[in-house]
Amino acid sequence: MESRLAQFASLNQKDKATAYQSLLSEILSRDDQSNLAADIHTLIDNVVNQESIGLVISRSILSELVKALSEGKVKDTDLRKQIVEDTLSIVQPRIVSYEEQVNSLRFQLADILEEEEQWSDAARVLMGISLDSGQRSLPDEDKFRVYVRIVRLLLEEEDSVEAERYYNRAALLAHNATDKVTLLQFKLCQARISDYGRKFLEAAGRYHELSWEAEIDEDERKHMLSAAVTCAILAPAGPNRSRVLASLCRDERTAELPSFNILLKMFHDRILRPNEIKEFEGTLKPHQLAKIAISSNDRLASAVDEDDQASDPTISTRKGPSTVLDRAVMEHNLLASSKIYNNITFRGLGALLDLTPGAAETMARRMIEQGRLKGTIDQVEKLISFDVLGEDDDAQGKAGGLGDVEQVEEDTGAPFTKRWDMQIRLTAANVETIIQHLTEKGLVSFGTVQA
């Protein structure tokens, strides 16, 4: 190999191009490829680093090598990977002169690494591609495709921070994109980034939207629907989550999911017990089970009073939720309890949530501040009073497609009497509905009363 390359040095530029191309073709066509990587290394090193060889010749030889590798003339994947990495290391000091060839080699290396499920390494290779150079700038459509691919690879490695950086770059080009598949991948990345960033309400809406896309495979759509339900369950309790829960409950497909029972209980504001969420916890991903740090102020406010501990040793010593799921369930149970009780003591709420009285008060206070719970706190009496006179959460009615329904109620002047009358009215309406269904099915009949 060395002797043949030495002979090429005396040739003119035109003959050199032909000689080097013939040598490259000869090396690639050998049946015995045991020395293929070493011979290509010697050839590329000679072509790139020899001053007597013009840039036009070296570029053409590199282009021929890139073309041969892309056409699969080197069958062995490990060998092809070694050649690509070796060629990139040789060309790196003079990368400006061989930008187009280097970009093609990086795309090939990223494909190989992705097949080997080396997500992070594949993403790093794509990051090294120059997309906005002075010599050859890629169209916005191609840039968008590269950025989305980088985001997707980083999310496979669960590197959501770096993925969000490249997602923001892709978002600037999304309006120019026309390829349907790439746009769907972009939307999925958007949902997953919201999921990893614990923006569960936002993620649930985006997953649910994607689950209706006909271009996506049926199994994938079912997986996205399941992810939407999971994120809705983990979302902060409040009116906004109730709207998402209503939308999911109306979707007939959710009845087939394992998490449907929890979804239904949350939608109907029923208190969840620890044994009910054990099975659901096993389906969560690591970032959805992340530990939650309690601030020093909350820790101080959640401390157990010594008198309370002495009078009632059964008081819980937990000072706050420990995981994302823990917090979601506690906040839901707190919201559900507001539908059951007019008021509740700090100690009673703590027993319900398995928290110290102070921690229960802190959680209720935060939800009231954020507008997710209607009520008042009396710290002297250590009592939380829920707002039973405020408008009911309009999420269920409006999300169900009914819009604003005008209700005319008699003003009795007494708040508790008014609530009692409403409960009687609802109970009577439910009984009437049950009797109507039974009558239609012929299960009951009403005879005439004879005088």
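The values are calculated or read from the model by the stated rules, or taken from the named source; none is laboratory data. Note that the coordinates shown come from a computational prediction; the quantities given were computed from them, not determined experimentally. Cβ atoms come from the backbone with ideal geometry, glycine included; neighbour counts cover every protein chain shown. Heads up: the accessible areas ignore ligands, DNA and RNA and are worked out on the full protein's heavy atoms, side chains in. Shrake-Rupley method; radii C 1.70, N 1.55, O 1.52, S 1.80 Å.
Scanning for something within 20 Å of the chain's Cα centre (by Cα) and either hydroxyl-bearing (Ser, Thr, Tyr) or open to solvent by 40 Å² or more (accessible area, probe 1.4 Å) (or both), does region 119-134 turn up at least one residue? Steps first, answer last, please.
Step one: of region 119-134, the residues within 20 Å of the chain's Cα centre (by Cα) are 119-120, 123.
Cutting the leftovers down to either hydroxyl-bearing (Ser, Thr, Tyr) or open to solvent by 40 Å² or more (accessible area, probe 1.4 Å) (or both) gives us 119-120.
Yes: region 119-134 contains one or more residues that are within 20 Å of the chain's Cα centre (by Cα) and either hydroxyl-bearing (Ser, Thr, Tyr) or open to solvent by 40 Å² or more (accessible area, probe 1.4 Å) (or both).
Inside region 325-352, residues that are touching a Ser or Thr at 6+ places or on another chain (Cβ under 8 Å), without any contact (Cβ under 8 Å) to a residue 60 or more places away in the chain and either closer than 15 Å to ILE271 by Cβ or basic (Lys, Arg) (or both) make up a count of 4.
Taking every residue in region 263-287 that is more than 23 Å from PRO239 (Cβ to Cβ) and touching a residue at least 40 places away in the same chain (Cβ under 8 Å) and pairing it with any residue that is part of a loop (DSSP other than H, G, I, E, B) and open to solvent by 30 Å² or more (accessible area, probe 1.4 Å), at least 6 positions away or on another chain, yields no pair with a Cβ-Cβ distance below 6 Å. Does LEU210 meet the test of being in contact with a Ser or Thr (Cβ under 6 Å, 6 or more places away or on another chain), open to solvent by less than 70 Å² (accessible area, probe 1.4 Å) and in contact (Cβ under 8 Å) with a residue 24 or more places away in the chain? No. Listed by first and then second residue, the pairs linking a residue in region 13-41 that is touching a residue at least 24 places away in the same chain (Cβ under 8 Å) and farther than 22 Å from ILE90 by Cα to a residue that is part of a helix (DSSP H, G or I) and open to solvent by 70 Å² or more (accessible area, probe 1.4 Å), with Cβ atoms under 7 Å apart and 6 or more places separating them unless they lie on different chains, form an empty list. All of (1) farther than 26 Å from SER242 by Cα; (2) open to solvent by 100 Å² or more (accessible area, probe 1.4 Å); (3) at pLDDT 80 or above hold for THR439 with one exception: (2). Please verify whether region 299-315 includes one or more residues that are within 20 Å of ALA237 (Cα to Cα) and either assigned to a helix (DSSP H, G or I) or modelled with pLDDT of 90 or more (or both). Within region 299-315, none of the residues are within 20 Å of ALA237 (Cα to Cα) and either assigned to a helix (DSSP H, G or I) or modelled with pLDDT of 90 or more (or both).
One line per residue, one yes/no per condition, for (1) aromatic (Phe, Trp, Tyr); (2) crowded, with 22+ Cβ neighbours inside 10 Å; (3) within 19 Å of CYS231 (Cβ to Cβ):
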| position | (1), (2), (3) |
| --- | --- |
| PRO139 | no, no, no |
| LEU155 | no, yes, yes |
| ALA171 | no, no, no |
| HIS175 | no, no, no |
| LEU184 | no, no, yes |
| CYS189 | no, yes, yes |
| SER194 | no, no, yes |
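Among the residues of region 316-338, write down those that are β-branched (Val, Ile, Thr) and within 22 Å of LYS285 (Cβ to Cβ). I'd like the intermediate steps shown before the answer.
We begin by selecting, within region 316-338, every residue β-branched (Val, Ile, Thr); these are 317, 323-324, 329.
Selection gives THR323, VAL324, VAL329.
Exactly one residue among ASN333, ASN343 is open to solvent by 20 Å² or more (accessible area, probe 1.4 Å) and of a type outside the set (A, V, I, L, M, F, W, C), and that residue is ASN343.
Checking each residue in region 44-56 for being surrounded by fewer than 20 Cβ atoms within 10 Å (Cβ to Cβ) and among the aliphatic types (A, V, I, L, M) picks out ILE53, LEU55, VAL56.
Just one of the listed residues (ALA214, ALA204, ALA170) is assigned to a loop (DSSP other than H, G, I, E, B) and of a type in the set (Gly, Ala, Ser), namely ALA214. One residue is enough: does region 81-89 have a residue meeting the conditions at pLDDT 85 or above and open to solvent by 80 Å² or more (accessible area, probe 1.4 Å)? Checked region 81-89: at least one residue is at pLDDT 85 or above and open to solvent by 80 Å² or more (accessible area, probe 1.4 Å).
Okay, residues lined up against (1) farther than 20 Å from GLU220 by Cβ; (2) out of contact with any Lys or Arg (no Cβ under 6 Å at 6 or more places or on another chain); (3) not small (Gly, Ala, Ser):
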{"position": "ARG145", "(1), (2), (3)": "no, yes, yes"}
{"position": "ARG152", "(1), (2), (3)": "no, yes, yes"}
{"position": "ASP159", "(1), (2), (3)": "yes, yes, yes"}
{"position": "ALA163", "(1), (2), (3)": "no, yes, no"}
{"position": "ASN176", "(1), (2), (3)": "yes, yes, yes"}
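Out of everything in region 21-38 that is among the charged types (D, E, K, R) and more than 16 Å from ASP78 (Cα to Cα), what residue ends up being modelled with the highest pLDDT?
To start, the set of residues in region 21-38 that are among the charged types (D, E, K, R) comprises 26, 30-32.
Narrowing further to those that are more than 16 Å from ASP78 (Cα to Cα): 26, 30-31.
Numbers: GLU26: 84, ARG30: 78, ASP31: 76.
Across region 21-38, the extreme among qualifying residues is GLU26.
Each row is one residue, and each column tells you yes or no for (1) hydrophobic (A, V, I, L, M, F, W, C); (2) free of Cβ contacts under 8 Å to residues at least 12 places away in the same chain.
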{"residue": "SER89", "(1), (2)": "no, yes"}
{"residue": "TYR98", "(1), (2)": "no, no"}
{"residue": "ASN103", "(1), (2)": "no, no"}
{"residue": "LEU113", "(1), (2)": "yes, no"}
{"residue": "GLN118", "(1), (2)": "no, yes"}
{"residue": "ASP121", "(1), (2)": "no, yes"}
{"residue": "LEU126", "(1), (2)": "yes, no"}
